[in-house]
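See structure below.
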Amino acid sequence: MLGYTITQWVFGILSFLAIMFALMVVFSRNPVNSVLYLVLTFFCIAGHYLVLNAQFLAVVHIAVYAGAIMVLFLFVIMLMNLNQDTEPQKTTISKIIAGVIGGMLLLVLVGVLKGTEQIQLSQYGHSEIGLVKNLGNVLFKEFLFPFEIVSVLLLAALVGAIMIGKKEIK
Amino acid sequence: MINGISINMYLMLSTVIFIIGAIGVMARRNTIIIFMCIELMLNAVNLLLVAFSTLHNDGSGQVFVFFVMAVAAAEVAVGLAILSMIYRNVKSIDTDILGNLKN
């Protein structure tokens, strides 16, 4: 098809959609719409993980981000009753400044990364690395101590969120 | 499954998504949208970690993405708890109103 392989088509479509939805997250007026566009962005990124042979990570990404974190965002937004009318807007001049700063950052990064060596992923691609068995081997052999630390971090976040979110702290 | 995709494409895609997130942090005043843009930036980095993990055929990059996800979840839980408490006291989550820590 037009000289491109099917994987290149998938990559191009997923990238286009991811960038479009990411732009919609930033530019949509209604916070609820922003959350929904962010969920769509996460689905596109999960598709990229599938292209990269990281199957287990794609599933975890959808479960954690689209399933848990975004539902939390939606709950908070709906509890606060935010909508288009209450949405604060920055002045035009500061929006332009933000755009110019972002554009300059983009220019610098693209300029730096443009000259890097073109390494094809296919010559290294290996379908086994993203499976649960191999990831579990790496996680529980090389990264056992960080894994335990993460459990402590999550416990601390749990306790902290409950303490902060309580109605009255006596 | 990977044919004809070079690592540069993923570098460019991650750069673009990261910068969209950075522009969102600078251009918006709603604190929840700023949180979401931070998530977007974290995801750009995650995508690049997975791409390099595939390139080097090494699982460590993907395991690192797990840790980034755990830290992001903890950050969002505590951050949204703080935000809802601020909203209860100040009745706003506008960063310009929250600029002074006096109230």
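The values are calculated or read from the model by the stated rules, or taken from the named source; none is laboratory data. These numbers were taken from a predicted model, which means no experiment stands behind them. So basically every Cβ, Gly included, is an ideal-geometry build from the backbone, and we count neighbours across all protein chains shown. The protein model used for the area step is the full one, side chains on, heavy atoms only, and it has no ligands, DNA or RNA in it. Shrake-Rupley method; radii C 1.70, N 1.55, O 1.52, S 1.80 Å.
Taking all protein chains into account, the per residue accessible area for chain A stands at 60 Å² (1.4 Å probe).
Taking chain B as a Gaussian network of alpha-carbon nodes connected by springs under 10 Å, the highest mean-square fluctuation of the residues B:I34, B:I19, B:I86 belongs to B:I86.
Using the crude model of +1 on Lys and Arg Cβ and -1 on Asp and Glu Cβ, and no other charge, please compute the dipole size for chain B relative to its Cα centre, in debye to 20. Working shown, then result.
Working: 5 positive and 5 negative charges, 81 e Å.
Here the size comes out at about 380 debye.
With the simple spin-label model, which puts each label point 7 Å out from Cα in the Cβ direction, the A:E148 to B:V45 separation comes to 2.5 nm.
Add -39500 (n - 2.57) for each DSSP H run of 4 or more in chain B, then divide by its residues: what number comes out at 222 nm, to the nearest 500 deg cm²/dmol? Don't skip to the answer; put the middle values down first.
Numbers: 3 runs with 78 residues, N = 103.
It comes out at -27000 deg cm²/dmol, rounded to the nearest 500.
A loss of 40 Å² or more of accessible area (1.4 Å probe, protein heavy atoms, ligands and nucleic acids excluded) relative to the isolated chain is seen in these residues of the range A:32-64: A:L38, A:I45, A:Y49, A:V51, A:L52, A:L57.
On a 27 Å Cα-Cα criterion, which of the cross-link pairs A:K95/A:K166; A:K90/B:K91; A:K90/A:K166 come out too long?
A:K95/A:K166; A:K90/A:K166
Per residue, chain B exposes 36 Å² of accessible surface when a 1.4 Å probe is rolled over the protein heavy atoms with every protein chain present. Accessible area ranking (1.4 Å probe, heavy atoms, ligands and nucleic acids excluded), largest first, for A:T116, A:T41: A:T116, A:T41.
Of all accessible surface on the range A:131-170 at a 1.4 Å probe, what whole percent is carbon and sulfur? Walk me through the intermediate numbers first.
Working: 2320 of 3170 Å².
Within the range A:131-170, the accessible surface is 73 percent carbon and sulfur.
Of the residues making up the range A:127-144, those losing 50 Å² or more of accessible area when the isolated chain is joined by the remaining protein chains, with a 1.4 Å probe, are A:I129, A:L135, A:F143.
Could you check how much of the accessible area of chain B is carbon and sulfur, as a whole percent, using a 1.4 Å probe? On chain B, the fraction of accessible area on carbon and sulfur atoms equals 69 percent.
Give the B-A buried accessible area in Å², both sides summed, 1.4 Å probe, nearest 100.
Details: alone 7410 and 13790 Å², together 13910 Å².
Summing both sides, the interface buries roughly 7300 Å².
With the charge dipole of chain B set up from +1 on Lys and Arg Cβ and -1 on Asp and Glu Cβ about the Cα centre, the Cα lying farthest toward the positive end among the listed residues B:L49, B:M9, B:A22 is that of B:A22. Between the range B:49-64 and the range B:65-88, the alpha-carbon centres lie 26 Å apart.
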